[in-house]
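The values are calculated or read from the model by the stated rules, or taken from the named source; none is laboratory data. This is a predicted model, so every value here is computed, not measured. Positions of Cβ are backbone-derived with ideal geometry, glycine not excepted, and every protein chain shown enters the neighbour counts. In case anyone asks, the SASA skips ligands and DNA or RNA and just uses the protein heavy atoms, side chains included. Shrake-Rupley method; radii C 1.70, N 1.55, O 1.52, S 1.80 Å.
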Amino acid sequence: MGEFVRVETGEVKGVATLRLDRPKANALNAQVLAELHQAVNELSAMTDVRAVVIWGGPRVFAAGADISEFTGMGVEDGRDLARRFNAAFRAVEMLPQITICAVNGYALGGGCELAMAAEFRLIGEGAVLGQPEINLGIIPGGGGTQRLSRLVGITKAKELIYSGRNVWADEAVSIGLASAAYPDDEVYDEAVKLAARYCSAPAAFTMAKRAILEGFALPLDEALNVEIEEFAACFGTDDARIGVASFLESGPGKATFTGR
């Protein structure tokens, strides 16, 4: 367990919370990034965890990078920092579990980039998201230019990144940056509920996740080959045998899966 990032389990079977806790604003400094990456590596090996909720607490998700670390940086320093951000967030994105961000308060800059690395974003009605880096004379360096474009479309992503403006909850949902908005004091509980529902899903959701993520940036023929291999891998699971047998005996939607 790190000083600023910890993994919490036990509240709901199969669900873990990846908790950011660096007062006052969960600024993402070098230590937080290292602890985040380590926590993600630990989660990836936890076979009893099937869904992960990423949460910064009830006041703020993550207000962005720790700007004090930017003082005196040169080109090579910037490259190293961007690589560390990208390594940590890519590790989040590639977790075998379903990932859900519960966003209260600010998720700006690196905080927004971390949220976008999760599969689903549930946000509070008072949440504020955005990529304000242009106001510092820089651009997003933790995947913001790429994931934002994929989520909201290239034209909207350009407008948000070029302006650096804030995105409030209603707009975030309407443009696809967030999945849903809830009262601020309900966001975390709703994220845990959603995570719990995924815990009863078959092991095949891991194959589906890999097929989507790995195939997304590939030419279609190569992406289809990824899908073929992940489809085939499903038949090595107990859940495929359970699902097929249940369908033949009782019809669709009756199977109870084991996650294996």
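How long are the semi-axes of the equivalent ellipsoid of region 118-234, taking √(5λ) for every eigenvalue λ of the Cα gyration tensor, in whole Å from largest down?
Equivalent-ellipsoid dimensions as semi-axes: 29, 23, 10 Å.
By DSSP, what percent of the beta bridges with both residues in region 1-155 are antiparallel, rounded to the nearest 5?
That works out to approximately 20 percent antiparallel.
How much FRET efficiency would the formula 1/(1 + (r/R0)^6) give for TYR162 and PHE235, where r is the Cβ-Cβ distance and R0 is 35 Å, rounded to 0.05?
E between TYR162 and PHE235, to the nearest 0.05, is 0.15.
If you take every DSSP beta bridge whose two residues both sit in the chain, what share of them, in percent to the nearest 5, is antiparallel?
Antiparallel bridges make up about 25 percent of those DSSP assigns within the chain.
With +1 assigned to the C-beta of every Lys and Arg and -1 to the C-beta of every Asp and Glu, and no other charges, what is the dipole magnitude of region 180-260 about the Cα centre in debye, to the nearest 20?
380 debye
Where is the GNM fluctuation largest for the chain (alpha-carbon springs, 10 angstrom cutoff): ARG83, ARG241, ARG147?
ARG241
Please give me the summed charge of the neighbours of ALA107: other residues whose Cβ is under 10 Å from its Cβ, Lys and Arg +1, Asp and Glu -1.
0
How much net charge surrounds VAL12 when only the other residues with a Cβ under 11 Å from the Cβ of VAL12 are counted, with Lys and Arg +1 and Asp and Glu -1?
For residues surrounding VAL12, the net value is +1.
Around VAL226, with a cut-off of 13 angstrom between Cβ atoms, what is the net charge of the other residues, counting Lys and Arg +1 and Asp and Glu -1? Present the calculation step by step, with values, prior to reporting the outcome.
Numbers: positive: LYS209, ARG210; negative: GLU214, ASP221, GLU222, GLU227, GLU229, GLU230.
Within the 13 Å Cβ shell, the charges total -4.
Write out the chymotrypsin sites (Phe, Trp or Tyr not before Pro) in region 151-260 meeting two conditions: DSSP loop, and at most 16 other Cβ atoms within 10 Å of their Cβ.
PHE216, PHE235
Given charges of +1 on the Cβ of Lys and Arg and -1 on the Cβ of Asp and Glu, with all other atoms neutral, how large is the dipole of the chain about its Cα centre, in debye to the nearest 20?
Values: 24 positive and 34 negative charges, 21 e Å.
The dipole magnitude comes to about 100 debye.
Can you pull the percent of Cα pairs in region 133-174 with separation above 11 Å?
So the pairs more than 11 Å apart make up 66 percent of the total in region 133-174.
Once you put a point 7 Å from the Cα of LYS254 and another 7 Å from the Cα of GLU186, both along the Cβ direction, what distance in nm separates them?
3.5 nm
Tell me the carbon and sulfur percent of the accessible area for the chain, rounded to whole percent, probe radius 1.4 Å.
56 percent
Just going by the charge dipole of region 1-101, with Lys and Arg at +1 and Asp and Glu at -1 on Cβ, which of MET73, LEU33, VAL92 is farthest out on the positive end?
Farthest along the dipole direction, towards plus: VAL92.
What angle, in degrees between 0 and 90 and rounded to the nearest 10, separates the Cα long axis of helix 220-234 from the longest principal axis of the Cα atoms of the chain?
Rounded to the nearest ten degrees, it is 50.
Counting only heavy atoms of protein chains, what accessible area per residue, in Å², does the chain have with a probe of 1.4 Å?
Details: 13020 Å² over 260 residues.
Solvent-accessible surface per residue comes out at 50 Å².
Find which of VAL244, PHE216, LEU194 sits farthest along the positive direction of the dipole of region 120-248, computed with +1 on the beta-carbon of Lys and Arg, -1 on that of Asp and Glu, about the Cα centre.
Of the options given, the answer is PHE216.
Can you give the charge dipole size of region 1-76 about its Cα centre, rounded to the nearest 20 debye, using +1 on the beta carbon of Lys and Arg and -1 on the beta carbon of Asp and Glu?
The dipole magnitude comes to about 320 debye.
Give me log10 I(q)/I(0) at q = 0.16, 0.23, 0.29 Å⁻¹ for region 141-209, Debye formula, one equal scatterer per alpha-carbon, no solvent.
Here the Debye-derived log intensity ratios amount to -0.77, -1.02, -1.16.
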